[in-house]
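Heads up: the structure comes next, in structure tokens.
The values are calculated or read from the model by the stated rules, or taken from the named source; none is laboratory data. All values derive from a computational prediction rather than experimental measurement. Note that each Cβ is placed from the backbone with ideal geometry, even for glycine, and that neighbours are counted across all protein chains shown.
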Amino acid sequence: MNEAAVRDVEVAVVGAGQAGLSAGYFLHRAGFRPERDFVVLDHSPAPGGAWQYRWPSLTYGKAHRVHDLPGLPLRDADPGRPSAEVVSEYFARYEREFDLRVRRPVDVRAVREDAGGRLRVETDAGVWSARALLNATGTWDRPFVPYYPGQETFLGRQLHTAGYRGAREFAGQHVIVVGGGTSAVQLLMELAEVARTTWVTRRPPVFRTGPFSEDWGRNAVALVDERVRKGLPPQSVVGVTGLAATDAILDAQRRGVLDRLPVFDRITPHGVAWDDGRTLEADTILWATGFRAALDHLAPLRLREPGGGIRMDGTRVAKDPRIHLIGYGPSASTIGANRAGRTAVREIRALLGGPAAQALPGTEGAADARHLAADLPEPVPAA
């Protein structure tokens, strides 16, 4: 690469989903100037983060609650419109409103040590040298599919929820849905309208019918946070929260749509099999088994611990205070991403020599716990 083309910034933000836009907002409010003091790099072709890739039948009314980005509420969204359209338009308006000047599509290939204690951010659009990095790359680019013996012999179709585009193409089929999270439940209810379905999970699903209190929300976040503070990979938040028993889910349970079997032991050319002798034929296996954090570009920095995760102190990587991961672990919800962006910018501002940003605006406190239940995503395997 041409070293003369290296551009210096104080902070590089990688990713322009909820977490990245929140970070850009708080950087701007803290006095950092876009393109001069900080740059936001996003590999997606358009605004919207991972939401722009959601299947068209996932309407805004069916989606996880999308918490408002700081400074610009999302109002009067039509619950019948695809969530991909609603959220993408909202994010685009947000970028314009706060002049974030997101560069896209830019693929960040690697982040390495640079001279003078800086970080070298190598991309397909050139190189930036930064004093700090706010990583907000989320999970959508790393769908997780577990391996089962015989998987490669299956003659039908296998796909992950990341590639799902609607139920119509499965009409008349038998679809086995693997996974215990919210996406699995949503797709089962949708597919059951046109296909025969079977649901398999590793553990019996827990449907929560009681209120999601503030104390419950704080405890759920604390359990997720405990793992990343130990350097372990974050686990499925559904294992902590349970599945919200909405009216639609209760109706699906009554109709038998959400009857569940333990996960199979192997895959056969025509379906799946259990060691007790049971078999099922299937046309399609749909893996609703979650995602893993998209952090491969950080590999040159050797941030991972022996447990396989990155040890965190809040949003800060414990091994390197220049690097903050937002939208990772306990901040992987949309409201958590807002708070994480605020916290990370406060710490980076102090690290780079400015006063701690005591008065940065943002949403925090008890309201976070109240909204957590409808907001938590499925960042890692939830089969």
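I need the full set of residues from region 13-38 which are more than 20 Å from the chain's Cα centre (by Cα) and either buried (at least 24 other Cβ atoms within 10 Å of the Cβ) or of a type in the set (Asp, Glu) (or both), in order please.
As a first pass, look at region 13-38 and keep what is more than 20 Å from the chain's Cα centre (by Cα): 26-38.
Within region 13-38, PHE26, LEU27, GLU35, ASP37, PHE38 meet the criteria.
State yes or no: is GLY172 part of a loop (DSSP other than H, G, I, E, B), surrounded by 22 or more Cβ atoms within 10 Å (Cβ to Cβ) and at positive phi?
It is false that GLY172 is part of a loop (DSSP other than H, G, I, E, B), surrounded by 22 or more Cβ atoms within 10 Å (Cβ to Cβ) and at positive phi.
Quick one: is VAL111 farther than 23 Å from TRP51 by Cα, surrounded by 16 or more Cβ atoms within 10 Å (Cβ to Cβ), in contact with a Leu (Cβ under 6 Å, 6 or more places away or on another chain) and modelled with pLDDT of 95 or more?
Details: farther than 23 Å from TRP51 by Cα: yes; surrounded by 16 or more Cβ atoms within 10 Å (Cβ to Cβ): yes; in contact with a Leu (Cβ under 6 Å, 6 or more places away or on another chain): yes; modelled with pLDDT of 95 or more: yes.
Answer is yes for this residue.
Count, please, the residues in region 102-119 that happen to be among the basic types (Lys, Arg) and over 25 Å from the mean Cα position of the chain (by Cα).
Let us first name the residues in region 102-119 that are among the basic types (Lys, Arg), namely 103-104, 109, 112, 118.
From what's left, over 25 Å from the mean Cα position of the chain (by Cα): 118.
Counting residues in region 102-119 that are among the basic types (Lys, Arg) and over 25 Å from the mean Cα position of the chain (by Cα) gives 1.
If you go through region 82-92 one residue at a time, do you hit one that is in a loop (DSSP other than H, G, I, E, B) and either small (Gly, Ala, Ser) or more than 17 Å from the chain's Cα centre (by Cα) (or both)? Steps first, please.
Going residue by residue through region 82-92, those that are in a loop (DSSP other than H, G, I, E, B) are none.
No, region 82-92 has no match at all.
What is the number of the single condition among (1) out of contact with any Asp or Glu (no Cβ under 7 Å at 6 or more places or on another chain); (2) touching a residue at least 60 places away in the same chain (Cβ under 8 Å); (3) of a type in the set (Ser, Thr, Tyr) that SER57 does not meet?
The one condition SER57 does not meet is (1).
Touching a strand residue (DSSP E or B) at 6+ places or on another chain (Cβ under 9 Å), acidic (Asp, Glu) and at pLDDT 90 or above: is that true of GLU347 in this structure? Spell out the reasoning first.
Details: touching a strand residue (DSSP E or B) at 6+ places or on another chain (Cβ under 9 Å): yes; acidic (Asp, Glu): yes; at pLDDT 90 or above: yes.
Spelling it out, GLU347 is indeed touching a strand residue (DSSP E or B) at 6+ places or on another chain (Cβ under 9 Å), acidic (Asp, Glu) and at pLDDT 90 or above.
Count, please, the residues in region 258-293 that happen to be at negative phi and surrounded by 21 or more Cβ atoms within 10 Å (Cβ to Cβ).
Count: 12.
Any idea which of GLY336, GLY307, GLY231 is part of a loop (DSSP other than H, G, I, E, B), over 30 Å from GLU152 (Cβ atoms) and at pLDDT below 95? Full working, then the answer.
On the way: GLY336 fails: part of a loop (DSSP other than H, G, I, E, B); GLY307 fails: over 30 Å from GLU152 (Cβ atoms).
Answer to the check: GLY231.
Among the residues in region 76-83, are any free of Cβ contacts under 8 Å to residues at least 24 places away in the same chain, in contact with a helix residue (DSSP H, G or I) (Cβ under 8 Å, 6 or more places away or on another chain) and assigned by TED's automatic domain parsing to the domain that holds LEU295? Walk me through how you get there before you give the answer.
Quick first cut of region 76-83, residues free of Cβ contacts under 8 Å to residues at least 24 places away in the same chain only: 76-81.
From what's left, in contact with a helix residue (DSSP H, G or I) (Cβ under 8 Å, 6 or more places away or on another chain): 77-78.
Among the residues that remain, those that are also assigned by TED's automatic domain parsing to the domain that holds LEU295 are: 77-78.
Among the residues of region 76-83, at least one is free of Cβ contacts under 8 Å to residues at least 24 places away in the same chain, in contact with a helix residue (DSSP H, G or I) (Cβ under 8 Å, 6 or more places away or on another chain) and assigned by TED's automatic domain parsing to the domain that holds LEU295, which makes the answer yes.
Of all residues in region 42-74 being outside any loop (DSSP other than H, G, I, E, B) and over 17 Å from the mean Cα position of the chain (by Cα), which is surrounded by the fewest Cβ atoms within 10 Å (Cβ to Cβ)?
Filtering region 42-74 for residues outside any loop (DSSP other than H, G, I, E, B) gives 49-53, 59, 69, 72.
Checking the rest, the ones that are also over 17 Å from the mean Cα position of the chain (by Cα) come to 59, 72.
Working: THR59: 17, LEU72: 14.
Looking at residues that are outside any loop (DSSP other than H, G, I, E, B) and over 17 Å from the mean Cα position of the chain (by Cα), I get LEU72.
Checking GLY126 against (1) surrounded by fewer than 17 Cβ atoms within 10 Å (Cβ to Cβ); (2) closer than 23 Å to TRP55 by Cβ: exactly one of these is not met. Which one?
Only one criterion in (1) surrounded by fewer than 17 Cβ atoms within 10 Å (Cβ to Cβ); (2) closer than 23 Å to TRP55 by Cβ is unmet by GLY126, namely (2).
Which of (1) more than 30 Å from LEU295 (Cα to Cα); (2) in contact with a Lys or Arg (Cβ under 7 Å, 6 or more places away or on another chain) is the odd one out, the single condition ASP114 does not satisfy?
Single failed check for ASP114: (1).
Evaluate region 135-154: report whether one residue or more is in a helix (DSSP H, G or I) and in contact (Cβ under 8 Å) with a residue 24 or more places away in the chain. Step through it out loud before you land on a result.
Of all residues in region 135-154, those in a helix (DSSP H, G or I) come to 151-153.
From what is left, the residues that are in contact (Cβ under 8 Å) with a residue 24 or more places away in the chain are 151, 153.
Yes: region 135-154 contains one or more residues that are in a helix (DSSP H, G or I) and in contact (Cβ under 8 Å) with a residue 24 or more places away in the chain.
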